[in-house]
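Enquirer: My structure is below; once you've seen it, I'll send some questions.
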Amino acid sequence: MNLQQLKVFVLTVELKKLYLVAQELGITQPTVTFHLNKLQEELGIALFHTKSYHVIKLTEAGHAFYHYASQIHSLSEQAESTMDVYRGTAAGVLAIGSTHTPATYLLPPLLQQLKLNYPGLSIMLDVRPAAYILEKIKKYELDVGIISNTQVEDPEFIAQPLIHDDLVLIFAPDHPFGSSEDLFPEDLAGHPFVSHEPGSISRQLIDRWADKHRLQLQVSMEISGTEALKSAVRHRLGYGMIAEAAIQEDLAEGKLRSRPIPSWLPERQIYAVRHRNKLISPALRMFWRNLLDNFSSQQTNHVRDQF
């Protein structure tokens, strides 16, 4: 078993057609078949249900093998890319996964600084839900993730809390909430509410808060997307609850007002996450340290010596 066989196997599973694998690797289709057959001979077990490969269907052993082969393939490519950096033949690639709030409101100035220091660096930013990003990090397909989450406990990860990502009330400047001295949970039930979409982490936190206080919120709209939700609130379709980091410009420009959610218990933070066994490239090292330096007031010290 060698890396070329593993590469052919992984691409066959992912591309589903041998001619596409041949095109991707610049080899002939019979050579692809040869590598697949040789791999199964050396392993002493069938990875596919058919020998013809007209239909790519993995056996149970094939599924188990793919789990490891895909990681080995990904790591081998990253290792080669990193060596190119040290040889001076390329600046490398930094693959970052991020949830919406940090990608939109926190990361751009940090990425600007990274590009100034590594002008030839190619940066890939994948904006996805936290669960997706963590899975990609676990498979070594992302170098680092910046995610909003309540906690990250998987022992395979190094997770550094950066800042609190608590939700706050937002409302139009002339909304009654702005003139109330004190707000109580039950006060919110009497006004239209612009809600996050079902299934989002923010919605889950809000639903738990409402259940705890036995509230039936008057949901006027359900919206997927932070900017769309803010726009609805600005147009007086209701008040909202949103991550504080997402509204700083709106507050400064007077487009929205904000105050704490009554009786809210902080649960969520923005974390920097990487795989504990991930190879640390020069760009990843610099980016990670910039994250810690920029959010030093929220840091604990246990991760600083992990490199």
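The values are calculated or read from the model by the stated rules, or taken from the named source; none is laboratory data. Remember, it's a predicted structure, so these values are computed and weren't measured experimentally. Every residue, glycine among them, receives a Cβ derived from its backbone with ideal geometry; neighbour counts consider all protein chains shown. Accessible surface areas use protein heavy atoms only, side chains included; no ligands, DNA or RNA. Shrake-Rupley method; radii C 1.70, N 1.55, O 1.52, S 1.80 Å.
Enquirer: Carbon and sulfur: what percent of the range 167-260's accessible surface (1.4 Å probe)?
Expert: 47
Enquirer: OK, next. Report, in debye and to the nearest 20, how large the dipole of the range 2-72 comes out about its Cα centre when Lys and Arg carry +1 and Asp and Glu carry -1 on their Cβ.
Expert: Working: 6 positive and 5 negative charges, 35 e Å.
That gives the range 2-72 a dipole magnitude of about 160 debye.
Enquirer: If you don't mind, another one. Under a Cβ-Cβ cut-off of 12 Å, what is the net charge of the residues other than Lys138 that fall near it, where Lys and Arg count +1 and Asp and Glu count -1? Please list the in-between numbers first.
Expert: Numbers: positive: Lys136, Lys139, Arg274, Arg276, Lys278; negative: Glu135, Glu141, Asp154, Glu156.
Value of the local net charge: +1.
Enquirer: Under 5 Å between amide hydrogens, which residues at least 5 positions from Ser220 or on another chain qualify, with H placed 1.01 Å from N in the peptide plane?
Expert: Here the answer is Phe193, Val194, Ser195, since their amide H atoms fall under 5 Å of that of Ser220.
Enquirer: Quickly estimate the mean residue ellipticity at 222 nm for the chain, helices only: each DSSP H run with n ≥ 4 gives -39500 (n - 2.57), and the total goes over all residues, rounded to 500.
Expert: -13000 deg cm²/dmol
Enquirer: Full-extension gain between Ser52 and Glu222, please, as 0.36 nm times their residue separation minus the C-alpha to C-alpha distance.
Expert: Length gained, Ser52 through Glu222: 56.2 nm.
Enquirer: Among residues other than Arg208 whose Cβ falls under 13 Å from its Cβ, what is the net charge (Lys/Arg +1, Asp/Glu -1)?
Expert: +1
Enquirer: Using amide H atoms built in the peptide plane, which far-off residues or other-chain residues are under 5 Å from Ile163 H to H?
Expert: When sequence neighbours closer than 5 places are left aside, the close amide H contacts are Ile270.
Enquirer: Between the helical axis of 3-15 and the dominant principal axis of the chain, each derived from Cα atoms, what acute angle in degrees is found, rounded to the nearest 10?
Expert: Roughly 50 degrees between the two axes.
Enquirer: To continue, here is another question. What is the range 155-307 by shape, rounded, prolate or oblate, if you read a ≥ b ≥ c off the alpha carbon gyration tensor as root eigenvalues and call it rounded for a/c under 1.5, prolate for a/b larger than b/c, and oblate otherwise?
Expert: prolate
Enquirer: Would you pull out the residues with amide H under 5 Å of Ile170's amide H, same chain only if 5 or more places away, H placed 1.01 Å from N?
Expert: For Ile170, whose amide H was placed from the backbone, the distant partners under 5 Å are Gly240, Met241, Ile242.
Enquirer: Which pairs, out of Lys230/Lys278; Lys7/Lys139; Lys57/Lys136; Lys17/Lys139, put more than 26 Å between their alpha-carbon atoms?
Expert: Table pairs above 26 Å Cα-Cα are Lys230/Lys278.
Enquirer: Right, next: How far is helix 60-87 tilted off the main Cα axis of the chain, in degrees rounded to 10, range 0 to 90?
Expert: Helix 60-87 sits roughly 90 degrees off the main axis of the chain.
Enquirer: Could you work out the local net charge near Ala172, counting Lys and Arg as +1, Asp and Glu as -1, over the other residues with Cβ closer than 9 Å to its Cβ? Intermediate results must be reported in sequence, preceding the final value.
Expert: Numbers: positive: Arg234, Arg236, Lys255, Arg257; negative: Asp174.
Combined, the nearby Lys, Arg, Asp and Glu give +3.
Enquirer: How far apart, in nanometres, would the label points at Thr104 and Thr150 be if each is projected 7 angstrom from Cα along the Cα-to-Cβ direction?
Expert: About 2.3 nm separates the two model spin labels.
Enquirer: A further question on this structure: Can you run phi through the Karplus equation (6.51, -1.76, 1.60; θ = phi - 60°) for the range 241-254 and list ³J(HN,Hα) in whole Hz, with x for Gly and Pro?
Expert: Each residue of the range 241-254 in turn: 10, 8, 4, 4, 5, 8, 10, 4, 5, 5, 5, 5, 8, x Hz.
Enquirer: Still on this structure: Per-residue HN-Hα couplings for the range 123-135, Karplus 6.51 cos²θ - 1.76 cosθ + 1.60 at θ = phi - 60°, whole Hz, x for Gly and Pro?
Expert: 10, 10, 10, 10, 9, 8, x, 4, 4, 5, 5, 4, 5
Enquirer: Taking 0.36 nm per residue of sequence separation and subtracting the Cα-Cα distance, how much length would be gained by fully extending the chain between Arg208 and Gln4, in nm to one decimal? Don't skip to the end; give the middle numbers.
Expert: Working: separation 204, 0.36 × 204 = 73.44 nm, distance 5.05 nm.
Here the segment from Arg208 to Gln4 would lengthen by 68.4 nm.
Enquirer: Counting other Cβ atoms within 10 Å, keep those with at most 14, restrict to DSSP loop, and tell me which trypsin sites (Lys or Arg not before Pro) in the range 69-142 are left.
Expert: Details: sites: Arg87, Lys115, Lys136, Lys138, Lys139; in loops: Lys139.
Answer in residue order: Lys139.
Enquirer: Could you provide, to the nearest whole Å², the per residue accessible area of the chain with probe 1.4 Å?
Expert: On a per-residue basis, 52 Å².
Enquirer: Still on this structure: How far apart, in nm, are the 7 Å Cα→Cβ label points at Glu14 and Ser81?
Expert: 1.1
Enquirer: Just check the range 155-199 against the gyration tensor rule for me: Cα atoms, a ≥ b ≥ c as the square roots of the eigenvalues, rounded for a/c under 1.5, and otherwise prolate or oblate depending on whether a/b exceeds b/c.
Expert: prolate
Enquirer: Below 8 Å between Cα atoms, with a sequence gap of 6+, how large is the relative contact order for the range 1-51 in percent?
Expert: That works out to 37 percent.
Enquirer: Could you size up the charge dipole of the chain around its Cα centre, putting +1 on the beta carbon of Lys and Arg and -1 on that of Asp and Glu, and report it in debye to the nearest 20?
Expert: The calculated dipole for the chain is roughly 760 debye.
Enquirer: Tabulate in residue order the Karplus-calculated ³J(HN,Hα) for the range 153-163, using 6.51 cos²θ - 1.76 cosθ + 1.60 with θ = phi - 60°, rounded to whole Hz; enter x for Gly and Pro.
Expert: Taking θ as phi minus 60°, the curve returns 10, 5, x, 6, 9, 9, 10, 10, x, 9, 8 Hz for the range 153-163.
Enquirer: Put +1 on the Cβ of each Lys and Arg and -1 on the Cβ of each Asp and Glu in the chain; which of Ile270, Leu106, Val32 then has its Cα farthest toward the positive end of the dipole?
Expert: Going by the Cα projections, it comes out as Val32.
Enquirer: Given the chain, what percent of its DSSP beta bridges are antiparallel, to the nearest 5? Walk me through the intermediate numbers first.
Expert: On the way: 20 of 35 bridges.
Looking only at bridges with both residues in the chain, the antiparallel portion is about 55 percent.
Enquirer: Angle check, please: helix 107-117 long axis (alpha carbons) against the longest principal axis of the chain (alpha carbons), in degrees 0 to 90, nearest 10.
Expert: The angle comes out near 50 degrees.
Enquirer: Taking Cα extents along the principal axes in Å straight from the coordinates, which label in (i) 67, 41, 41; (ii) 75, 43, 32; (iii) 60, 48, 30 is the correct one?
Expert: (ii)
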